[in-house]
1. Contact list please: Cβ distance under 9 Å, first residue in the stretch 185-205 and within 16 Å of Thr71 (Cα to Cα), second residue of a type in the set (Gly, Ala, Ser), pairs at least six apart or on different chains.
2. What do you reckon, is Lys312 farther than 25 Å from Val253 by Cβ and at pLDDT 85 or above?
3. Looking only at the stretch 332-350, count how many residues are in a helix (DSSP H, G or I) and either at pLDDT 75 or above or among the polar types (S, T, N, Q) (or both).
4. Return yes when Ser248 is surrounded by 14 or more Cβ atoms within 10 Å (Cβ to Cβ), hydroxyl-bearing (Ser, Thr, Tyr) and modelled with pLDDT of 85 or more and no when it is not.
5. Among the hydrophobic types (A, V, I, L, M, F, W, C), buried (at least 16 other Cβ atoms within 10 Å of the Cβ) and at pLDDT 90 or above, is that true of Met215?
6. Within the stretch 86-97, is there a residue that is among the aromatic types (Phe, Trp, Tyr), farther than 13 Å from Lys68 by Cα and surrounded by 14 or more Cβ atoms within 10 Å (Cβ to Cβ)?
7. State which residue is surrounded by the fewest Cβ atoms within 10 Å (Cβ to Cβ) when the search covers only the stretch 251-264 and only residues that are without any contact (Cβ under 8 Å) to a residue 40 or more places away in the chain and under 14 Å from Ala160 (Cα atoms).
8. Only one residue in Arg264, Arg295 is at pLDDT below 75 and closer than 21 Å to Glu229 by Cβ, so which one is that?
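The values are calculated or read from the model by the stated rules, or taken from the named source; none is laboratory data. On a predicted model such as this, the values are computed, not experimentally measured, just so you know. Note: ideal-geometry Cβ built from the backbone for every residue, glycine included; neighbour counts use all protein chains shown.
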Amino acid sequence: MIEKHFALEDIDPVIFYGINNVHLQMIKSLFPKLRIVARDNIIKIFGDEEETARFEGDLETMRKHVLKFNTISDEDILDIVKGRHTREEGVKGALVYSVSGRPIKGRSANQQKLIDAFENSDMIFAVGPAGTGKTYLSIALAVKALKEKTIKKIILSRPAVEAGEKLGFLPGDMKDKIDPYLQPLYDALEDMIPAARLQDMMDKHIIQIAPLAFMRGRTLSDAVVILDEAQNTTPAQIRMFLTRMGWSTKMIVTGDLTQIDLPREQKSGLKEAMHILADIDGISVIKLNQKDIVRHKLVTRIVNAYDAYDRKVQEEQKEQRAERANARLARGTIKTGKLPIIEGDSTNEN
(Lines give C-alpha, C1' and ligand atoms only; values in the text may rest on other atoms or scores of the structure.)
Protein backbone atom coordinates (compact mmCIF):
# COMPACT_ATOMS: atom_id res chain seq x y z
CA MET A 1 0.00 0.00 0.00
CA ILE A 2 1.21 3.49 -0.89
CA GLU A 3 0.13 7.00 0.18
CA LYS A 4 -0.18 9.95 -2.20
CA HIS A 5 -1.37 13.52 -1.82
CA PHE A 6 -3.33 15.37 -4.53
CA ALA A 7 -3.80 19.16 -4.44
CA LEU A 8 -6.93 20.78 -5.90
CA GLU A 9 -5.04 23.76 -7.32
CA ASP A 10 -6.78 26.85 -8.76
CA ILE A 11 -10.32 25.69 -7.91
CA ASP A 12 -12.78 26.04 -5.05
CA PRO A 13 -12.79 22.73 -3.10
CA VAL A 14 -16.41 23.31 -2.07
CA ILE A 15 -17.50 23.04 -5.72
CA PHE A 16 -15.37 19.92 -6.21
CA TYR A 17 -16.65 18.12 -3.09
CA GLY A 18 -20.25 19.20 -3.63
CA ILE A 19 -22.92 20.21 -1.12
CA ASN A 20 -22.59 18.02 1.97
CA ASN A 21 -19.65 16.28 0.21
CA VAL A 22 -22.04 14.52 -2.17
CA HIS A 23 -19.47 14.47 -4.99
CA LEU A 24 -16.73 13.21 -2.69
CA GLN A 25 -18.95 10.37 -1.45
CA MET A 26 -19.70 9.38 -5.04
CA ILE A 27 -15.99 9.40 -5.93
CA LYS A 28 -15.27 7.15 -2.94
CA SER A 29 -17.98 4.72 -4.04
CA LEU A 30 -16.49 4.52 -7.54
CA PHE A 31 -13.07 3.58 -6.11
CA PRO A 32 -13.89 1.07 -3.31
CA LYS A 33 -10.36 -0.36 -3.24
CA LEU A 34 -8.88 2.98 -2.16
CA ARG A 35 -9.03 4.84 1.12
CA ILE A 36 -9.67 8.51 0.34
CA VAL A 37 -9.37 11.30 2.91
CA ALA A 38 -10.07 14.95 1.94
CA ARG A 39 -9.12 18.01 3.95
CA ASP A 40 -9.35 21.55 2.55
CA ASN A 41 -7.81 21.34 -0.93
CA ILE A 42 -5.67 18.23 -0.24
CA ILE A 43 -6.87 14.70 -1.00
CA LYS A 44 -4.92 11.83 0.59
CA ILE A 45 -5.04 8.51 -1.25
CA PHE A 46 -4.11 5.13 0.27
CA GLY A 47 -4.09 1.96 -1.81
CA ASP A 48 -2.61 -0.14 -4.56
CA GLU A 49 -0.11 1.69 -6.78
CA GLU A 50 -1.88 0.91 -10.08
CA GLU A 51 -5.34 1.84 -8.77
CA THR A 52 -3.95 4.99 -7.15
CA ALA A 53 -2.34 6.08 -10.43
CA ARG A 54 -5.64 5.63 -12.30
CA PHE A 55 -7.48 7.57 -9.61
CA GLU A 56 -4.97 10.44 -9.80
CA GLY A 57 -5.53 10.68 -13.55
CA ASP A 58 -9.31 10.87 -13.07
CA LEU A 59 -8.92 13.42 -10.26
CA GLU A 60 -6.85 15.68 -12.52
CA THR A 61 -9.49 15.44 -15.26
CA MET A 62 -12.18 16.38 -12.73
CA ARG A 63 -10.06 19.28 -11.44
CA LYS A 64 -9.59 20.62 -14.98
CA HIS A 65 -13.32 20.26 -15.58
CA VAL A 66 -14.12 22.40 -12.51
CA LEU A 67 -11.43 24.91 -13.49
CA LYS A 68 -12.96 25.29 -16.95
CA PHE A 69 -16.69 25.09 -16.22
CA ASN A 70 -16.84 26.30 -12.58
CA THR A 71 -19.13 23.36 -11.84
CA ILE A 72 -19.28 19.57 -11.92
CA SER A 73 -22.21 17.17 -11.64
CA ASP A 74 -22.63 13.53 -10.67
CA GLU A 75 -23.07 12.73 -14.37
CA ASP A 76 -19.78 14.47 -15.22
CA ILE A 77 -17.92 12.49 -12.53
CA LEU A 78 -19.37 9.24 -13.81
CA ASP A 79 -18.49 10.11 -17.43
CA ILE A 80 -14.89 10.92 -16.47
CA VAL A 81 -14.41 7.70 -14.48
CA LYS A 82 -15.94 5.67 -17.33
CA GLY A 83 -13.66 7.39 -19.85
CA ARG A 84 -16.44 9.20 -21.68
CA HIS A 85 -16.61 12.86 -22.79
CA THR A 86 -18.69 15.11 -20.56
CA ARG A 87 -21.70 16.93 -21.98
CA GLU A 88 -20.21 20.45 -21.81
CA GLU A 89 -17.22 19.59 -23.98
CA GLY A 90 -19.41 20.05 -27.07
CA VAL A 91 -19.78 23.85 -26.61
CA LYS A 92 -17.71 25.63 -29.27
CA GLY A 93 -16.25 29.12 -29.09
CA ALA A 94 -16.64 29.54 -25.32
CA LEU A 95 -13.96 31.72 -23.72
CA VAL A 96 -14.81 30.81 -20.13
CA TYR A 97 -17.85 29.63 -18.20
CA SER A 98 -19.84 31.52 -15.58
CA VAL A 99 -20.14 30.27 -12.02
CA SER A 100 -23.45 28.68 -13.06
CA GLY A 101 -21.79 26.87 -15.99
CA ARG A 102 -23.10 29.18 -18.72
CA PRO A 103 -20.70 29.56 -21.69
CA ILE A 104 -19.37 33.09 -22.25
CA LYS A 105 -18.46 33.81 -25.86
CA GLY A 106 -18.76 36.40 -28.60
CA ARG A 107 -22.37 36.96 -29.63
CA SER A 108 -21.92 39.26 -32.60
CA ALA A 109 -19.51 39.87 -35.49
CA ASN A 110 -17.86 42.86 -33.77
CA GLN A 111 -17.52 40.99 -30.48
CA GLN A 112 -15.75 38.24 -32.39
CA LYS A 113 -13.46 40.91 -33.88
CA LEU A 114 -12.55 41.92 -30.33
CA ILE A 115 -11.71 38.30 -29.48
CA ASP A 116 -9.58 37.96 -32.63
CA ALA A 117 -7.84 41.28 -31.94
CA PHE A 118 -6.86 40.04 -28.49
CA GLU A 119 -5.03 37.14 -30.12
CA ASN A 120 -3.24 39.30 -32.70
CA SER A 121 -2.58 42.64 -30.97
CA ASP A 122 -1.04 43.68 -27.66
CA MET A 123 -3.20 46.79 -27.27
CA ILE A 124 -6.88 47.06 -28.15
CA PHE A 125 -9.26 50.00 -28.06
CA ALA A 126 -12.87 48.77 -27.83
CA VAL A 127 -15.43 51.56 -28.11
CA GLY A 128 -19.17 51.48 -28.47
CA PRO A 129 -22.49 52.28 -26.81
CA ALA A 130 -23.73 50.89 -23.51
CA GLY A 131 -24.56 47.19 -23.42
CA THR A 132 -22.30 46.02 -26.24
CA GLY A 133 -20.28 43.78 -23.89
CA LYS A 134 -17.00 45.70 -24.10
CA THR A 135 -16.06 45.33 -20.44
CA TYR A 136 -17.61 41.92 -19.84
CA LEU A 137 -15.96 40.31 -22.87
CA SER A 138 -12.61 41.96 -22.06
CA ILE A 139 -12.68 40.53 -18.53
CA ALA A 140 -13.64 37.11 -19.93
CA LEU A 141 -10.56 37.22 -22.20
CA ALA A 142 -8.40 38.13 -19.20
CA VAL A 143 -9.84 35.33 -17.02
CA LYS A 144 -9.28 32.84 -19.85
CA ALA A 145 -5.63 33.90 -20.16
CA LEU A 146 -5.18 33.60 -16.39
CA LYS A 147 -6.70 30.10 -16.30
CA GLU A 148 -4.46 29.03 -19.16
CA LYS A 149 -1.47 30.52 -17.26
CA THR A 150 -0.31 32.63 -20.19
CA ILE A 151 -0.29 35.58 -17.75
CA LYS A 152 0.34 35.91 -14.02
CA LYS A 153 -2.21 38.58 -13.07
CA ILE A 154 -5.19 40.67 -14.12
CA ILE A 155 -5.21 44.41 -13.47
CA LEU A 156 -8.47 46.34 -13.84
CA SER A 157 -8.78 50.10 -13.59
CA ARG A 158 -11.31 52.89 -13.95
CA PRO A 159 -11.17 56.66 -13.56
CA ALA A 160 -13.07 57.70 -10.42
CA VAL A 161 -15.47 60.09 -12.15
CA GLU A 162 -19.04 60.67 -11.00
CA ALA A 163 -21.77 60.33 -13.64
CA GLY A 164 -23.15 63.85 -13.44
CA GLU A 165 -23.59 63.76 -9.67
CA LYS A 166 -21.74 65.27 -6.74
CA LEU A 167 -21.60 62.56 -4.10
CA GLY A 168 -19.66 64.65 -1.62
CA PHE A 169 -17.96 62.99 1.36
CA LEU A 170 -17.93 59.19 1.33
CA PRO A 171 -17.42 57.37 4.65
CA GLY A 172 -14.86 54.64 5.31
CA ASP A 173 -11.24 54.00 4.38
CA MET A 174 -9.74 54.38 0.90
CA LYS A 175 -11.12 51.03 -0.31
CA ASP A 176 -14.62 51.93 0.88
CA LYS A 177 -14.44 55.25 -0.96
CA ILE A 178 -13.31 53.88 -4.34
CA ASP A 179 -15.21 50.56 -4.41
CA PRO A 180 -18.49 52.12 -5.65
CA TYR A 181 -16.71 53.36 -8.78
CA LEU A 182 -15.24 49.89 -9.42
CA GLN A 183 -18.37 47.82 -8.72
CA PRO A 184 -19.08 46.98 -12.42
CA LEU A 185 -15.68 45.27 -12.56
CA TYR A 186 -16.43 43.26 -9.41
CA ASP A 187 -19.79 42.23 -10.90
CA ALA A 188 -18.18 40.77 -14.02
CA LEU A 189 -15.50 38.92 -12.05
CA GLU A 190 -18.05 37.47 -9.61
CA ASP A 191 -19.97 36.07 -12.59
CA MET A 192 -16.90 34.18 -13.85
CA ILE A 193 -14.93 33.14 -10.75
CA PRO A 194 -16.37 31.42 -7.65
CA ALA A 195 -16.53 33.79 -4.68
CA ALA A 196 -14.01 31.99 -2.44
CA ARG A 197 -11.51 31.62 -5.28
CA LEU A 198 -11.96 35.25 -6.35
CA GLN A 199 -11.34 36.52 -2.82
CA ASP A 200 -8.22 34.38 -2.55
CA MET A 201 -6.89 35.71 -5.88
CA MET A 202 -7.53 39.29 -4.80
CA ASP A 203 -5.85 38.73 -1.43
CA LYS A 204 -2.78 37.39 -3.27
CA HIS A 205 -2.90 40.33 -5.77
CA ILE A 206 -3.35 37.94 -8.68
CA ILE A 207 -6.39 40.04 -9.54
CA GLN A 208 -5.99 43.75 -8.82
CA ILE A 209 -8.67 46.42 -9.07
CA ALA A 210 -7.56 50.01 -8.61
CA PRO A 211 -8.53 53.54 -9.66
CA LEU A 212 -6.52 55.06 -12.47
CA ALA A 213 -4.73 57.51 -10.15
CA PHE A 214 -2.91 54.59 -8.48
CA MET A 215 -1.21 53.46 -11.72
CA ARG A 216 1.47 56.14 -11.90
CA GLY A 217 5.02 54.81 -11.50
CA ARG A 218 4.10 51.14 -12.08
CA THR A 219 5.39 48.78 -14.78
CA LEU A 220 2.71 46.20 -15.58
CA SER A 221 4.27 42.97 -16.87
CA ASP A 222 2.93 39.43 -17.45
CA ALA A 223 -0.63 40.68 -17.20
CA VAL A 224 -3.84 41.57 -18.95
CA VAL A 225 -4.59 45.19 -18.07
CA ILE A 226 -8.05 46.63 -18.69
CA LEU A 227 -8.93 50.32 -18.50
CA ASP A 228 -12.71 50.70 -18.37
CA GLU A 229 -14.74 53.90 -18.94
CA ALA A 230 -11.71 55.41 -20.64
CA GLN A 231 -13.81 58.20 -22.17
CA ASN A 232 -13.61 59.82 -18.73
CA THR A 233 -9.82 60.02 -18.71
CA THR A 234 -7.97 63.21 -19.47
CA PRO A 235 -5.26 63.19 -22.18
CA ALA A 236 -2.57 63.20 -19.48
CA GLN A 237 -4.18 60.29 -17.60
CA ILE A 238 -4.54 57.97 -20.59
CA ARG A 239 -1.03 58.79 -21.76
CA MET A 240 0.26 57.84 -18.32
CA PHE A 241 -1.78 54.61 -18.33
CA LEU A 242 -0.74 53.42 -21.79
CA THR A 243 2.94 53.88 -20.97
CA ARG A 244 2.67 51.51 -17.96
CA MET A 245 2.80 48.55 -20.37
CA GLY A 246 5.55 46.03 -19.60
CA TRP A 247 6.75 42.76 -21.13
CA SER A 248 4.26 39.96 -21.96
CA THR A 249 1.32 42.28 -21.29
CA LYS A 250 -1.86 42.95 -23.20
CA MET A 251 -3.92 46.09 -22.69
CA ILE A 252 -7.61 46.58 -23.44
CA VAL A 253 -9.05 50.10 -23.29
CA THR A 254 -12.85 50.35 -23.34
CA GLY A 255 -15.16 53.33 -23.49
CA ASP A 256 -18.31 54.95 -24.81
CA LEU A 257 -17.69 58.32 -26.46
CA THR A 258 -21.37 59.24 -26.09
CA GLN A 259 -21.19 59.10 -22.27
CA ILE A 260 -18.38 61.49 -21.32
CA ASP A 261 -18.77 62.74 -17.73
CA LEU A 262 -15.80 65.12 -17.73
CA PRO A 263 -16.33 68.88 -17.30
CA ARG A 264 -17.51 70.47 -20.55
CA GLU A 265 -14.20 72.26 -21.14
CA GLN A 266 -12.12 69.08 -20.57
CA LYS A 267 -11.11 66.99 -23.61
CA SER A 268 -11.56 63.20 -23.50
CA GLY A 269 -8.25 61.35 -23.41
CA LEU A 270 -9.77 58.32 -25.17
CA LYS A 271 -10.83 60.33 -28.19
CA GLU A 272 -7.39 61.92 -28.47
CA ALA A 273 -5.52 58.62 -27.99
CA MET A 274 -7.54 56.86 -30.69
CA HIS A 275 -6.73 59.69 -33.11
CA ILE A 276 -3.00 59.72 -32.31
CA LEU A 277 -2.46 55.93 -32.16
CA ALA A 278 -4.79 54.76 -34.94
CA ASP A 279 -1.99 53.77 -37.35
CA ILE A 280 0.48 52.25 -34.86
CA ASP A 281 1.43 48.61 -35.51
CA GLY A 282 0.31 46.27 -32.75
CA ILE A 283 -2.71 48.42 -31.81
CA SER A 284 -6.24 47.46 -32.87
CA VAL A 285 -9.36 49.62 -32.73
CA ILE A 286 -12.68 47.78 -32.50
CA LYS A 287 -15.85 49.83 -32.90
CA LEU A 288 -19.04 48.24 -31.65
CA ASN A 289 -22.52 49.55 -32.43
CA GLN A 290 -26.21 49.11 -31.66
CA LYS A 291 -26.28 45.70 -33.35
CA ASP A 292 -23.85 44.39 -30.71
CA ILE A 293 -26.01 45.30 -27.69
CA VAL A 294 -26.64 42.19 -25.59
CA ARG A 295 -28.70 43.68 -22.77
CA HIS A 296 -32.50 43.98 -22.64
CA LYS A 297 -34.05 44.75 -26.05
CA LEU A 298 -35.16 48.15 -24.72
CA VAL A 299 -31.50 49.18 -24.37
CA THR A 300 -31.10 49.03 -28.17
CA ARG A 301 -34.21 51.16 -28.63
CA ILE A 302 -33.03 53.66 -26.01
CA VAL A 303 -29.58 53.99 -27.63
CA ASN A 304 -31.14 54.44 -31.09
CA ALA A 305 -33.57 57.07 -29.78
CA TYR A 306 -30.79 59.07 -28.13
CA ASP A 307 -28.61 58.83 -31.25
CA ALA A 308 -31.48 60.17 -33.37
CA TYR A 309 -32.05 62.97 -30.84
CA ASP A 310 -28.33 63.87 -30.84
CA ARG A 311 -28.29 64.06 -34.64
CA LYS A 312 -31.37 66.31 -34.60
CA VAL A 313 -29.79 68.64 -32.02
CA GLN A 314 -26.55 68.81 -34.04
CA GLU A 315 -28.49 69.70 -37.22
CA GLU A 316 -30.45 72.40 -35.36
CA GLN A 317 -27.24 73.83 -33.89
CA LYS A 318 -25.67 73.86 -37.36
CA GLU A 319 -28.68 75.75 -38.75
CA GLN A 320 -28.59 78.22 -35.86
CA ARG A 321 -24.88 78.89 -36.43
CA ALA A 322 -25.56 79.50 -40.13
CA GLU A 323 -28.42 81.89 -39.29
CA ARG A 324 -26.23 83.81 -36.83
CA ALA A 325 -23.46 84.05 -39.41
CA ASN A 326 -25.89 85.41 -42.01
CA ALA A 327 -27.29 87.88 -39.47
CA ARG A 328 -23.81 89.18 -38.63
CA LEU A 329 -23.06 89.53 -42.35
CA ALA A 330 -26.29 91.46 -42.89
CA ARG A 331 -25.59 93.80 -39.96
CA GLY A 332 -22.12 94.47 -41.34
CA THR A 333 -23.57 95.35 -44.73
CA ILE A 334 -26.12 97.79 -43.30
CA LYS A 335 -23.50 99.49 -41.09
CA THR A 336 -20.97 100.10 -43.91
CA GLY A 337 -23.54 100.79 -46.61
CA LYS A 338 -21.68 98.48 -48.99
CA LEU A 339 -23.04 95.45 -50.73
CA PRO A 340 -21.05 92.25 -50.29
CA ILE A 341 -18.77 91.42 -53.23
CA ILE A 342 -20.06 88.37 -55.08
CA GLU A 343 -17.59 86.27 -57.03
CA GLY A 344 -18.30 86.14 -60.72
CA ASP A 345 -20.54 89.29 -60.80
CA SER A 346 -21.14 90.11 -64.52
CA THR A 347 -21.87 93.83 -63.98
CA ASN A 348 -19.08 96.22 -64.99
CA GLU A 349 -18.65 99.82 -66.00
CA ASN A 350 -18.16 100.39 -69.73
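1. Note: pairs meeting the criteria are Asp191/Ser98; Asp191/Ser100; Met192/Ser98; Met192/Ala140.
2. yes
3. To start, the set of residues in the stretch 332-350 that are in a helix (DSSP H, G or I) comprises 332-336.
Now restrict to residues that are either at pLDDT 75 or above or among the polar types (S, T, N, Q) (or both): 333, 336.
Final tally of qualifying residues: 2.
4. Details: surrounded by 14 or more Cβ atoms within 10 Å (Cβ to Cβ): no; hydroxyl-bearing (Ser, Thr, Tyr): yes; modelled with pLDDT of 85 or more: yes.
No, not satisfied.
5. For Met215, the condition - among the hydrophobic types (A, V, I, L, M, F, W, C), buried (at least 16 other Cβ atoms within 10 Å of the Cβ) and at pLDDT 90 or above - is not met.
6. No.
7. Pro263
8. Just one listed residue meets the conditions, Arg295.
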